[in-house]
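K.L.:
The following block contains the structure, expressed as structure tokens.
The values are calculated or read from the model by the stated rules, or taken from the named source; none is laboratory data. These figures come from a predicted structure and were not determined experimentally. Positions of Cβ are generated from backbone atoms using ideal geometry, with glycine treated the same way; all protein chains shown enter the neighbour counts. Note: accessible area is taken over every heavy atom of the protein model, side chains too, but ligands, DNA and RNA are not part of it. Shrake-Rupley method; radii C 1.70, N 1.55, O 1.52, S 1.80 Å.
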Amino acid sequence: MAIIDRIKFDGQVNGPHWLVYKCPSEQFVLGSQLIVNQGQEALFLKGGEALDLFGPGTHTLSTGNLPLLHKLVNLPFGGKTPFTAEVYYINKTVKLDLHWGTSTAIPLEDPKYGLILNVGARGQYGIAINNSRLFVSRIVGAIPNGVTGDYTVVLKYFNGLINTKIKSVTSEYMIKKQISFLEISSYLSELSDAFKEAINDEFERFGVEVVNFFCEAIAPRPEDYEKLRHYKEELALGEGFYQRRRSLDIAERLATNPSSGGIANAGIGLGMGLGAAGQFGNIFSSIGQNVQVNAPDNEISCPKCGAKNNASMKFCGSCGSKLATTIVCPHCGKEVPDGMKFCGECGKPLSASKCPSCGFENKPGMKFCGNCGEKL
């Protein structure tokens, strides 16, 4: 292998997208020139041990500016003495355009609604190498001779780390805050800070500073998102939703079953249940036009089973029991059950008043006979 007396890297092998570059030759001589551009550092290694580090500028290699290497290999003074070492160029500029994303959907439980969802996340982050010795020592085995360490090679480990942290931090954060994935977009800024804090220690182990970390989106897969949204809507309807939905199912079966009286029985048996049909799409599109829905003011509750019936019905359409009817007290105007002889509110008689003079039966509440005019 030829001895190199001028060491330089312009950072253009893979364009601007590089983090670390290993010189293809390991044979150098004292007196060689080492050129380090702005935004770079050059590091000498021997036997995997990080030794002398050079900043931007032109350096003539000598035992004076290679003290650690000289101590290790006992380089002689003077002359173009050959020596072997590995030289790495490190990009010290801040990289702000690195992208991250979950490689596969992460199964997470929505803490508010208890559903297991497959969640994906993506974002952008920026890093800067703040300890070249540590960085190169930790990733030296991943960089082949003469090849730049671009994002796809060097950051492969970090992307795996990010994926792991995203799962644990998201789960912990959402449980603590008790928020749903339907609300997660409002918390992306806080989550970004939590993610940065969680991964920062691991990046520092490699001599890397996390300058910023942004979570641009975190959400379930579209089908899981729709499932979660529909589940929330059902819960918002309350317990009455399930009762109305059951009534709709019964009505549909009655309407399509000739032996049950068809549409007529569906209307009689459910009353209010049909009133909710509009909330459930087109379930009753085939029967809704033929069934008259009774308004709540014209309904009466069955005293036995509690089912709602038309106020004009005498028997319950659900259980067949006789429905109680009411009359209005002519004295105080309160409704009282039909058949009562005295008003439960004012205590006055509800039966017809018989005229003592002519024997004519007058309506309750009359003060004079409608037949002869005598006082009752």
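K.L.:
Quick one: is residue 205 more than 12 Å from residue 110 (Cα to Cα), among the basic types (Lys, Arg) and either in contact with a Lys or Arg (Cβ under 6 Å, 6 or more places away or on another chain) or at pLDDT below 95 (or both)? First the steps, then the outcome.
P.N.:
On the way: more than 12 Å from residue 110 (Cα to Cα): yes; among the basic types (Lys, Arg): yes; either in contact with a Lys or Arg (Cβ under 6 Å, 6 or more places away or on another chain) or at pLDDT below 95 (or both): yes.
It is true that residue 205 is more than 12 Å from residue 110 (Cα to Cα), among the basic types (Lys, Arg) and either in contact with a Lys or Arg (Cβ under 6 Å, 6 or more places away or on another chain) or at pLDDT below 95 (or both).
K.L.:
OK, next. Can you tell me which residue is most open to solvent (accessible area, probe 1.4 Å) among those in region 184-219 that are in a helix (DSSP H, G or I) and of a type in the set (Phe, Trp, Tyr)?
P.N.:
Here the residue is 187.
K.L.:
I'd like the residue in region 292-307 that is modelled with pLDDT of 70 or more and either part of a loop (DSSP other than H, G, I, E, B) or farther than 16 Å from residue 326 by Cβ (or both) and, out of all such residues, is least open to solvent (accessible area, probe 1.4 Å).
P.N.:
Across region 292-307, the extreme among qualifying residues is 302.
K.L.:
Can I ask one more? Picking from 356, 364, which residue would you name as being touching a Leu at 6+ places or on another chain (Cβ under 6 Å) and over 23 Å from residue 298 (Cβ atoms)?
P.N.:
None of the others qualify; the one that does is 364.
K.L.:
Within region 102-122, take every residue that is outside any loop (DSSP other than H, G, I, E, B) and open to solvent by less than 40 Å² (accessible area, probe 1.4 Å) and give me the one that is farthest from residue 164 (Cα to Cα). If you could, list the steps in order and put the result at the bottom.
P.N.:
Let us first name the residues in region 102-122 that are outside any loop (DSSP other than H, G, I, E, B), namely 106-109, 116-122.
Next, from what is left, pick out any that are open to solvent by less than 40 Å² (accessible area, probe 1.4 Å): 106, 108, 117, 119-121.
Details: 106: 10, 108: 13, 117: 17, 119: 13, 120: 12, 121: 12 Å.
The qualifying residue farthest from residue 164 (Cα to Cα) is 117.
K.L.:
Name the residue, out of 83, 44, that is assigned to a strand (DSSP E or B), at pLDDT below 90 and crowded, with 17+ Cβ neighbours inside 10 Å.
P.N.:
On the way: 44 fails: at pLDDT below 90.
Exactly one of 83, 44 is assigned to a strand (DSSP E or B), at pLDDT below 90 and crowded, with 17+ Cβ neighbours inside 10 Å, namely 83.
K.L.:
For residues that are open to solvent by less than 60 Å² (accessible area, probe 1.4 Å) and on the phi < 0 side of the Ramachandran plot, tally how many sit in region 63-80.
P.N.:
Here the count works out to 7.
K.L.:
Based on this model, can you work out whether residue 342 counts as within 16 Å of residue 363 (Cβ to Cβ) and open to solvent by 70 Å² or more (accessible area, probe 1.4 Å)? Before the answer, list the steps.
P.N.:
Values: within 16 Å of residue 363 (Cβ to Cβ): yes; open to solvent by 70 Å² or more (accessible area, probe 1.4 Å): yes.
It is true that residue 342 is within 16 Å of residue 363 (Cβ to Cβ) and open to solvent by 70 Å² or more (accessible area, probe 1.4 Å).
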